[in-house]
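Below is one structure, written out as structure tokens; comments come after it.
No value in this document is a laboratory result; all are computed from the given coordinates. Please read all numbers here as calculations on a predicted model, not as lab measurements. Every residue, glycine as well, gets a Cβ built from its backbone with ideal geometry; the counts of neighbours run over all protein chains shown.
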Amino acid sequence: MPARTQRGILERLKGGVVLGAEGYVFELERRGYIKAGPYVPEVVLDSPDALRELHREFLRAGADVMVALTYYAHRGKLKDVGRENDLEAMNRQAVRIANEVAREGDALVAGDICNTWAYDPKDKDASSKVVRAMYEEQLSWAVDEGIDFVIAETNDYLGEALIALEVIKGLKLPAMVTLASTRPHQTWDGYDYVDACKILADHGADIVGMNCDRGPATMMPIIEQVRSRVSGYVAMQPVPYKTQAAMPTFESLKSADGTNIFPIALEPFLCTRFEMADYARRAQALGVNYIGICCGGGPHYVRAMAEALGRTVPASKYSPAIELHPMIGAKVEEKEKEFLVDWKG
Ligand SMILES: [Zn+2]
């Protein structure tokens, strides 16, 4: 493993908030490098420059962690798209690229494992072996290429999350384990989300919390309870969509005529950068330690969140100066005629 000399994730968390940035799969799908549906990160091998560029944009926006794009780069998903033979190459290259870009700044590199779709609580023993083997092979390649810690994310089952945690702890790396939350109150194996976070923390997860599925408005109340129950570090990585009580997850969002819009017609519900900045401030006030973003995330959100946390980041050089806009700034009176006359009739 290449030697890494920076302060690790736990030291950084001790010093204050760590800013995360994810949403690689959704963003690279929008940019035309990943197929919606299977959502396998084929971009890693097919268009590495596109991935490198997005890492760099998140880095410039203030992300403290470059998360290797190995989400869904596991045996089950690669089989779905007929690329099982690319498994090792895809995993290794994803970590290598994350490392390359992390070194352009002061970012850490996280290995990433996720829900496998192979875990089955009704056939726990056999399915656990399959899941464990998938995590072990992915993380052995990641460790070999060099990572600072591991994020196990989007866990639908507490049982599967605990397998991930064991594998990570076996590698003696810090573990961040976060839950998906597609159901109202419980994981797919029936644990209250808050209880599940507490169990993960009690089993040695260094950082616990939630990612994906919910926007800030519907994730915050659960994270508030997690914060009050868990003494260790808490993570929150919502999606930047306006989920609400009646439609608490982005999978449940519907258009006015009742049509399901997940996952590729979600735009009408996107949060603004100001709403995401407000979320970052509220999460910090609540005592959340790892504040990030998931599917739907983009660099403009991350910069707004970084600045809301009081930081000036490389991309702040081009942060908005709306007062200089000819239609909004001081010269609006004289320009008004030119630009607005048609609209006013
Ligand atoms: Zn997500």
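Taking other Cβ atoms within 10 Å as a rough exposure proxy, Thr259, Thr116, Thr182 sort from fewest to most as Thr259, Thr182, Thr116. Between the stretch 157-201 and the stretch 46-115, the C-alpha centres lie 22 angstrom from each other. The label point for Ser231 and the one for Arg281, both projected 7 Å from the Cα toward the Cβ, are 3.3 nm apart. Rounded to the nearest 0.05, what FRET efficiency is calculated for Asp192 and Ala321 with R0 set to 45 Å and r the Cβ-Cβ distance? Efficiency computed from Cβ-Cβ geometry: 0.45. Dividing the helix sum by the residues of the chain, where each DSSP H run of 4 or more adds -39500 (n - 2.57), gives a mean residue ellipticity at 222 nm of -13000 deg cm²/dmol.
The angle between the Cα long axis of helix 216-229 and the main principal axis of the chain comes to about 50°, on a 0 to 90 degree scale.
What the Cβ-Cβ distance of Lys129 and His185 gives, at R0 = 35 Å and to the nearest 0.05, is a FRET efficiency of 0.75.
Measuring from label point to label point, each 7 Å out along Cα→Cβ, what is the Lys79 to Arg31 span in nm? Here the modelled spin labels are 3.1 nm apart.
Put in order of Cβ neighbour count within 10 Å, fewest first, the listed residues Ser319, Ser181, Ser127 become Ser319, Ser127, Ser181.
For the chain, the longest principal axis of the C-alpha atoms and the axis of helix 299-308 are separated by about 80°. When Val18, Val234, Val143 are arranged by Cβ crowding within 10 Å, least crowded first, meaning fewest neighbours, the order is Val143, Val18, Val234. Legend: translational diffusion of the chain by Stokes-Einstein, Rh = Kirkwood radius over C-alpha pairs, 25 °C, 0.890 mPa s; D = 119 µm²/s. Between Asp144 and Lys172, the C-beta separation translates, for a Förster distance of 25 Å, into a calculated FRET efficiency of about 0.95. Taking the 0 to 90 degree range and rounding to the nearest ten, how far is the long axis of helix 193-202 tilted relative to the main principal axis of the chain, both from C-alpha atoms? The angle comes out near 50 degrees.
Taking 7 Å steps out from each Cα toward its Cβ at Gln6 and Asp46 produces label points 3.0 nm apart.
Please report the antiparallel percentage of the DSSP beta bridges confined to the stretch 92-243, to the nearest 5. Here the antiparallel bridges make up roughly 5 percent for the stretch 92-243.
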